[in-house]
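**Q** Structure in structure tokens, see below.
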Amino acid sequence: METVIEIADGVRQRLTSARMALEECRRRVERGNGRLNAFTYLDWPEAELCADRIDDEVDRGRDPGPLAGVPFGVKDVENCAGMPTTYGSLALRNAKPETKDDPNIARLRAAGAVPIGKTATPEFALDSVTTSPAFGITRNPWDTTKTPGGSSGGSAAAVSAGMVPFATGTDNGGSVRSPAAFCGLVGLKPTHGLIARADALSDTNTVSVLACTALETARLIDVMSGRDDVDKMSQDSPASRTLEAGIAEAPPRGLRALWSADLGYAPVDPEMAAIAAEAAKVLCESMGCELSQEARKFSNANEALVPIIGQRLRSQLEHLGIWPDGAKEMADGPRQWLEQYGLPTPREYGAALALRATVEAEMTAFFSDYDLLMTPSVACPAFAAAGPNPVVIDGRDASATGSEAFSMLANAAWVPAISIPAGLTRDGLPVGVQVIGRRWSDGLLLQLAHALHSIQPWPRNAPI
């Protein structure tokens, strides 16, 4: 499939049409979705009406927007008017279609993008694999025995397979970056506040997209970003130009970066660490960046955020009447996660808050010494499609970190982080390198992703 930019610019210039782009998208979904289970809900008639409206705008000499006619998928924890939001749960399988878009979906529509359906997620976005009793197992296009990750696994599988040029995702602790790494995509967790969220109860969660390249990601983030009163955390970016306008420029020279294979606490697969480290080295050498390997230990942000996130989610499910009565219908992973982390004692919750404050202080101190923190995106290669998340990595106990060992630092500190394709394992599975920057350095992270892609060309889609 053509890129986001090729489709949109082609529709605006009458070189193609939104209906033609949608028809190509439909052929690809019908060819691949039965094998991958990336989409759990599709609405082709409404998508056709939307595409026809875009083409009518063009015929009338009007500009439909920077995403004119681009088909996309919506993660099934986000609201898209006319489609049900089931959160991947049997308890919500009879949900009625939503009447209102979430802020980011509304902005994508207003820019001319065409939503075609909902992408798979583990129940309530509570797993590192994408599988649920409601919709079954979602598979990785690079190897269908493997998972695309979670919780934005359906979006990652759909984009990696070329069904759609982009899909939305949420990142509460790695749920965009991990699937991006497992599926060979670019995944940016933006600075907190850059993109408004409908669910503004959590200060750890962000919304974003999964796409094949940094350039496409930049245009998409530009469209979605900006202040919205529905989210008190949202604000306009202080940048003087759009992300897309700045991405082609070379990253500034003289930056200081730290490479850490394990953050001082996490078991990691040696092959993954080596591939990501080499990509970090190549990138830093290309831009004259000083790359240090100082042995710097960070506190485990997972231990800080998991009880906080768990209590909030369990409280929400209790309010909705889904927990505990609906627990027997849930998949083992999300149910066990809520049982273990969803009801911390006051002492445990207080300890988590104190540890989070420590993590935030460590990140503040880090950015007084360095500009960038580079790590593997995930701690192991993509594992079995049905799970579970590994508890042993490189022969060591990984029960406190799992595959998503490096991502929650950014969520705790409200800073941006990106997963960039770095190479392939001996078994042909994608590896990502994660780069974490200061608040509002989203443009710099996209510049780095664009630069690495220029040095190490990467296939647009999985070789399926």
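**Q** If you go through the stretch 295-308 one residue at a time, do you hit one that is of a type in the set (A, V, I, L, M), at pLDDT 95 or above and over 25 Å from the mean Cα position of the chain (by Cα)?
**A** no
**Q** Under 8 Å between Cβ atoms, which residue pairs at least 6 apart in sequence (or on different chains) link something in the stretch 306-319 that is of a type in the set (D, E, K, R) with a partner that is not in a helix (DSSP H, G or I)?
**A** Sorted first by the residue in the stretch 306-319, then by its partner, the pairs are Arg312/Leu201; Arg312/Ser202; Arg314/Trp323; Arg314/Gly342; Arg314/Leu343; Glu318/Pro324.
**Q** Still on this model: Could you say whether any residue in the stretch 353-367 is of a type in the set (Phe, Trp, Tyr) and in contact with a Phe, Trp or Tyr (Cβ under 9 Å, 6 or more places away or on another chain)?
**A** Looking for residues that are of a type in the set (Phe, Trp, Tyr) and in contact with a Phe, Trp or Tyr (Cβ under 9 Å, 6 or more places away or on another chain), one finds at least one in the stretch 353-367, hence yes.
**Q** In this structure, does Pro45 turn out to be of a type outside the set (Asp, Glu) and closer than 17 Å to Pro165 by Cα?
**A** Against the criterion (of a type outside the set (Asp, Glu) and closer than 17 Å to Pro165 by Cα), Pro45 does not qualify.
**Q** If you don't mind, there's one more thing I want to ask. Would you mind stating whether Ala365 is among the aliphatic types (A, V, I, L, M) and modelled with pLDDT under 95?
**A** no
**Q** Among the candidates Asp171, Asp143, single out the residue that is among the acidic types (Asp, Glu) and crowded, with 24+ Cβ neighbours inside 10 Å. Give the derivation first.
**A** Values: Asp143 fails: crowded, with 24+ Cβ neighbours inside 10 Å.
Going through Asp171, Asp143 in turn, the sole match is Asp171.
**Q** Next question, about the same structure. Only one of Val129, Val114 is closer than 20 Å to Leu338 by Cα, over 13 Å from the mean Cα position of the chain (by Cα) and either surrounded by fewer than 24 Cβ atoms within 10 Å (Cβ to Cβ) or modelled with pLDDT of 95 or more (or both). Can you tell me which? Walk me through it before giving the result.
**A** Details: Val114 fails: closer than 20 Å to Leu338 by Cα.
Answer to the selection: Val129.
**Q** Return the residues of the stretch 134-162 that are under 17 Å from the mean Cα position of the chain (by Cα) and not in a helix (DSSP H, G or I); say none if nothing qualifies.
**A** Thr138, Arg139, Asn140, Pro141, Thr147, Pro148, Gly149, Gly150, Ser151, Ser152, Ala161, Gly162
**Q** Related question: Residue check: is Thr358 closer than 16 Å to Glu271 by Cβ, hydroxyl-bearing (Ser, Thr, Tyr) and modelled with pLDDT of 95 or more? Show your work before the answer.
**A** Values: closer than 16 Å to Glu271 by Cβ: no; hydroxyl-bearing (Ser, Thr, Tyr): yes; modelled with pLDDT of 95 or more: yes.
For Thr358, the condition - closer than 16 Å to Glu271 by Cβ, hydroxyl-bearing (Ser, Thr, Tyr) and modelled with pLDDT of 95 or more - is not met.
**Q** Does the stretch 421-428 contain at least one residue that is touching a Ser or Thr at 6+ places or on another chain (Cβ under 6 Å) and outside any helix (DSSP H, G or I)?
**A** No, the conditions are met nowhere in the stretch 421-428.
**Q** Do the conditions hold for Ala134, that is, is it in contact (Cβ under 8 Å) with a residue 12 or more places away in the chain, touching a helix residue (DSSP H, G or I) at 6+ places or on another chain (Cβ under 8 Å) and within 26 Å of Arg312 (Cβ to Cβ)?
**A** yes
**Q** What single numbered condition from (1) assigned to a helix (DSSP H, G or I); (2) touching a helix residue (DSSP H, G or I) at 6+ places or on another chain (Cβ under 8 Å); (3) without any contact (Cβ under 8 Å) to a residue 40 or more places away in the chain fails to hold for Gly350?
**A** (2)
Let's see how each residue does on (1) buried (at least 22 other Cβ atoms within 10 Å of the Cβ); (2) in a helix (DSSP H, G or I):
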site	(1), (2)
Phe298	no, no
Ile308	no, yes
Trp337	yes, yes
Pro344	no, no
Ala361	no, yes
Thr364	no, yes
Pro381	yes, no
Asn389	no, no
Ala410	yes, yes
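**Q** To continue, here is another question. Restricting to the stretch 227-268, give me the number of residues that are within 26 Å of Ala198 (Cα to Cα), in contact with a Ser or Thr (Cβ under 7 Å, 6 or more places away or on another chain) and in contact (Cβ under 8 Å) with a residue 40 or more places away in the chain.
**A** Going through the stretch 227-268 one residue at a time, the tally reaches 2.
The values are calculated or read from the model by the stated rules, or taken from the named source; none is laboratory data. Just so it is clear, the model here is predicted, and its values are computed rather than measured. Here the Cβ is made from the backbone with ideal geometry for all residues, glycine too, and neighbour counts use every protein chain on show.
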